[in-house]
C-alpha cells in the first residue's frame, strides 16, 4: 500500500494495486488448475486417435496452447484488473477480466472479517482479506494479494469501524 | 443446571392422533402396491404388513412424544427431546425473533397448533413445538411478547396486553378473495392431475391405464372429430380449469387474511385449511416489494410483500402482507413499515436505451449460435427463428418497464413488463453494491448496478440494469451513500 504503487486506472478512482507477488500466486494456481484439463485433452487425443483415427496431436496441442496462455498471459492480466481503495466509510474492490466487477462494501455493514492464507499464499507472504456482509448477494467479498501486514492492519481498521458503530 | 424446573410440559396428546391420521393416506395408497407385488398370496398379508408398519411408527411416535418435554421459564424456553440421545435446548426469550403458529386442517379439528420459534442464528427454525393446544400456543406467545415488551420498556411491564386485538391494517373479505383468485389463473391443477396419473400408474397393472386401450378402437373416429370446434372447446376447458384452480388455491391460502400490528411487528393470519399465524418483526424488514400484473394494473390492484431478514436463505423470507389492495389500502401498511408508497411511473429515471441494443446483440448472437449448431443435425432449425420476434420485442418492453428513483434515503427500482414490480429499499439496508460490466456491456459502455440486501426475495439481489457507465459510477459513489 505504498504510494508508488498507486496507479491510474480506467476507473476514475485511484486504486491500489495488489502486491506484485500475487501475480506469482495466480500463476502457480493457474499451473495447478490447468493440469486437469490438459490431462483430459491429452487422454481424449489418444483415445480419438486410436479408436476413431483422428489425427494425433490436436488435443495435446490445443491443451498445451491453452495451458501456456493460462499460465503465461492470463495471470498478469487478471492481476492488473485487481485493485482496491479504502475510503473513509467504505472499501472499494475491483476485479474481473471478462466480466468486470467493482464492489463497494461500507465498513459499517461488515459482519465479520477473515484473514486467510493458503499454502501458496504463505510461500509468497500474501494473504486474502474476506469481508462478510449480511447480504445474500455478495455475502462474502474477497480481497486477495495483500501483504500480510497490510491485511492485518486493514482488518483491525475495519474492526475498529464496526465496534464504533456498536457503541 | 441447578434450577431444575418442576413443571415440564408435554406436547398435546392429539399430536399422536394427528400423526396416525397423517400416516393413513400413505397406507391406503400403498396397499394396492403391496398387493400387486405380493401377488396372489393375498391381500391379507399386505394388510397385516401395513398394520404392523403403522403400529411400529405409532410406537415410535408415542415414545418420542413421551420423551419430548418443554418448560417455559421466566426468561427462557427449554426443550428436551430425543429417545436415545437426549438433547436439551435452551432458547432465551431475548433471542427469539419470530414465533409463528401453523394449524393444518387436522390440527384445527383437534384445536392444536404448531409453534415455530426462530432465533435468527444459523439455519431454519431453532425450536418447534408440534403440536400444543391453541390456548397454550397463545399463552406462550403472549408470555414471550410480554417479556420482550417488558425488557424494552420496563415501566409497562406488569399487565400483559393479553391478546389485545389491534384493529387490522388490512383484511381480505370474500369478494376481494374472489377477485384475487380470478387473477391467479393457474394450470397447476393439470400438473397435479398428471402427477396423480403417474402415481396411480406405477401401482396399478399397466394395461389398466394404457391410453391405447381406450383410444385405440376409437382413434379413427376421434381424428375425424378433431375439428376446429373441438380445439376451441378444449381451450375453453383449459381456461375454465385454470380459473377454477386459481380460485381454489387463492381461497385455500388467503381465506380470512388479516394483517394487524403487534408491539414489534406485523402479524399475518390466513388460510382456510392450513391456518398460519406469522409475526414479521419490523426491524427485520429489509425492503418492500409492490407488485402488480399487466391486467391487475388496469384496475389499480397491487400486492405488497416484504423481504425480511431470515435465518436461512429460504424463500420463506419473502412475506406477502397484502395480496391484493388499492394504493390507499397499502399506505397504512407501508406507514407501519416506515416505507413510502412508490412514486408514479413518470418519476422514475429510465436506464440507458442502449439496454435494447445490448439485449439484441446478446440474444442475436445466442440465437445465431443455436441456429448454426442445430442446423447440422436438425432439419427443423428454421423453427428457432420463430423466437426472433419475441427477442426483438422483449428488450423494448423491458426497457420501458425498468427504471429507478431516489427518495429520502430510499431507492425505488421498478422492473418487469408482465409483472411490474417496484422494490422499495431504504439505503440503510443496502449491504453492498457492485458495478458489473459484462463483455457486451463493456462494448456499449454500460454497467449494471447490483445491490446486496439481507434476506432473499423475488427482488434480490436488486439490480439496475444497463446504466451508462458514468451514471452507474456516480450512483455507486454518491447516491448510494456508500463511499
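How high is the relative contact order of segment A:21-78, in percent, with contacts defined as C-alpha pairs under 8 Å that are six or more residues apart? Please report the intermediate quantities before stating the final value.
On the way: 38 pairs, mean separation 28.1, N = 58.
Answer for segment A:21-78 is 48 percent.
For segment B:51-123, rounded, prolate or oblate, judged on the Cα gyration tensor with a ≥ b ≥ c (square roots of eigenvalues), a/c < 1.5 rounded, else prolate if a/b > b/c? Intermediate values should be presented prior to the final figure.
Values: a/c = 2.41, a/b = 1.45, b/c = 1.66.
In terms of gyration-tensor shape, oblate.
From other protein chains only, count the Cβ atoms within 10 Å of every residue's Cβ in A:111-119, then give the mean.
On the way: counts 2, 0, 0, 0, 0, 0, 0, 0, 0.
Partner-chain Cβ atoms within 10 Å, mean over residues of A:111-119: 0.
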**Request:** In square nanometres and to one decimal, what's the mean projected area of the convex hull around the Cα atoms of segment B:367-458?
**Result:** 8.5 nm²
**Complete:** Per the rule of 0.36 nm per residue minus the C-alpha distance, extending residue B:233 to residue B:370 adds in nm 45.7 nm
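Using a 10 Å cut-off on Cβ to Cβ distances, tally the other chain neighbours for every residue of B:461-473 and report the average as a whole number. Walk me through the intermediate numbers first.
Details: counts 4, 1, 1, 0, 0, 0, 0, 0, 2, 1, 0, 1, 4.
Taking all residues of B:461-473 together, the mean is 1.
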**Fill in**
Expressed as a whole-number percentage, the relative contact order of chain A with C-alpha contacts under 8 angstrom and at least six residues apart is 20 percent
**Asked** Using the alpha-carbon centroid of each, what span in Å lies between segment A:99-137 and segment B:265-340?
**Response** 34 Å
**Request:** Please list B:405-416, B:44-55 highest first by mean number of surrounding beta-carbon atoms within 10 Å per residue.
**Result:** B:405-416, B:44-55
**Request:** Taking chain A as the reference, fit the longest principal axis to its C-alpha atoms, fit the long axis of helix A:21-52 to the helix C-alpha atoms, and give the angle between the two in degrees, 0 to 90, nearest 10.
**Result:** 30 degrees
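Summing -39500 (n - 2.57) over the DSSP H runs of n ≥ 4 in chain A and dividing by its residue number, what mean residue ellipticity at 222 nm do you reach, to the nearest 500 deg cm²/dmol?
Details: 5 runs with 75 residues, N = 167.
Value at 222 nm, helices only, nearest 500: -14500 deg cm²/dmol.
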**Request:** Enter the angle in degrees (range 0 to 90, nearest 10) between the Cα long axis of helix A:58-68 and the first principal axis of the Cα atoms of chain A, meaning the one along which they spread out most.
**Result:** 30 degrees
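Kindly state, to the nearest 0.05, the FRET efficiency for residue B:173 paired with residue A:74, given R0 = 41 Å and r defined as their beta-carbon distance. Kindly include the intermediate steps, with their values, before the conclusion.
Numbers: r = 63 Å, r/R0 = 1.55.
Efficiency, from the Cβ-Cβ distance: 0.05.
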**Request:** Would you order B:437, B:400, B:23 from fewest to most other beta-carbon atoms within 10 Å of each residue's own beta-carbon?
**Result:** B:400, B:23, B:437
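Taking square-rooted eigenvalues a ≥ b ≥ c of the alpha carbon gyration tensor, is segment B:354-397 rounded, prolate or oblate, where a/c under 1.5 means rounded and, failing that, a/b exceeding b/c means prolate? If you can, show how the numbers build up before the last one.
Numbers: a/c = 5.90, a/b = 2.08, b/c = 2.84.
Cα axes put segment B:354-397 in the oblate bin.
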**Request:** Give me a single rounded figure for A:87-96: the average over its residues of other chain Cβ atoms within 10 Å of their Cβ.
**Result:** 3
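Read the figures in this text as sums done on the coordinates, not as results from a lab. The structure presented is a predicted model; accordingly, all values stated were derived computationally and were not measured. When we count neighbours, we look across all protein chains shown, and the Cβ atoms used for this are built from the backbone with ideal geometry, even at glycine.
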